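Rule-based calculations on the coordinates, nothing more; no lab input. Keep in mind that what you see is a predicted model, and the values were worked out from it rather than measured. Glycine gets a Cβ as well: all are built from the backbone with ideal geometry, and neighbour counts include every protein chain shown.
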């Protein structure tokens, strides 16, 4: 009876303070991993972009496109925070499979385990698009924040890519491993000119 009364306690990492969150990330036996860290870094990228956008909005108050950028960058920020815990859920499938020691289940769990890392990469590419548009009318005061946002976004993408490739590497399907690696190389190559353009703009404003 006592056992039936016990409640499952689900740990919500996104609600933790910075000390608790980073301590959890540093624990090799903990539930957090690189996908969660990449989501946290991505949330910081969005926060810096949003700060730069809010500064710009003082000069473009009420403009439809400005409101669009503010609204969508904030949505991305909140979504990235949400993904910190979603990464834990996705990797729970892998944790169970590894515990059972079934090679087929482990193989099947690889994609869900890396799913949040993949989503972070996609959304940081979207953030770069929003920042590029914002630079067209952002003032000098916004530059340092928008430049920093791109740097955080790139760091997030690179770490998420490493984890996705790592997860795919052990797959029995060589084609899957190759596609994950190559697809992410192509994404980074496509993003690089845009990121460099934004960073050059930011540097030119300093």
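Summary table below
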| item | result |
| --- | --- |
| Footprinting exposure proxy for 73, 144 (fewest neighbouring C-beta atoms within 10 Å first) | 144, 73 |
| Span from the the stretch 8-70 Cα centroid across to the the stretch 176-198 one, whole angstrom | 22 Å |
| Over the chain, relative contact order from alpha-carbon pairs under 8 Å, at least 6 apart, % | 27 percent |
| Approximate spin-label separation residue 61-residue 78, in nm, with each point projected 7 Å along Cα-to-Cβ | 2.4 nm |
| Highest average packing first - 176-188, 148-160, Cβ atoms within 10 Å | 148-160, 176-188 |
| Computed [θ] at 222 nm, deg cm²/dmol, the chain (DSSP H ≥ 4; -39,500 (n - 2.57); rounded to nearest 500) | -29000 deg cm²/dmol |
| Taking 23, 171, 142 and counting other C-beta atoms within 10 Å, the order from fewest to most | 23, 171, 142 |
| Relative compactness, the stretch 106-159, computed as alpha-carbon Rg over 2.2 N^0.38 Å | 1.48 |
| Residue exposure sequence - 131, 55, 34 - by fewest surrounding Cβ within 10 Å | 55, 34, 131 |
| Three semi-axes of the equivalent ellipsoid, the stretch 33-205, Cα gyration tensor, whole Å, largest first | 35, 16, 11 |
| Net lengthening on full extension, residue 17/residue 29 (0.36 nm per residue, minus Cα-Cα) | 2.4 nm |
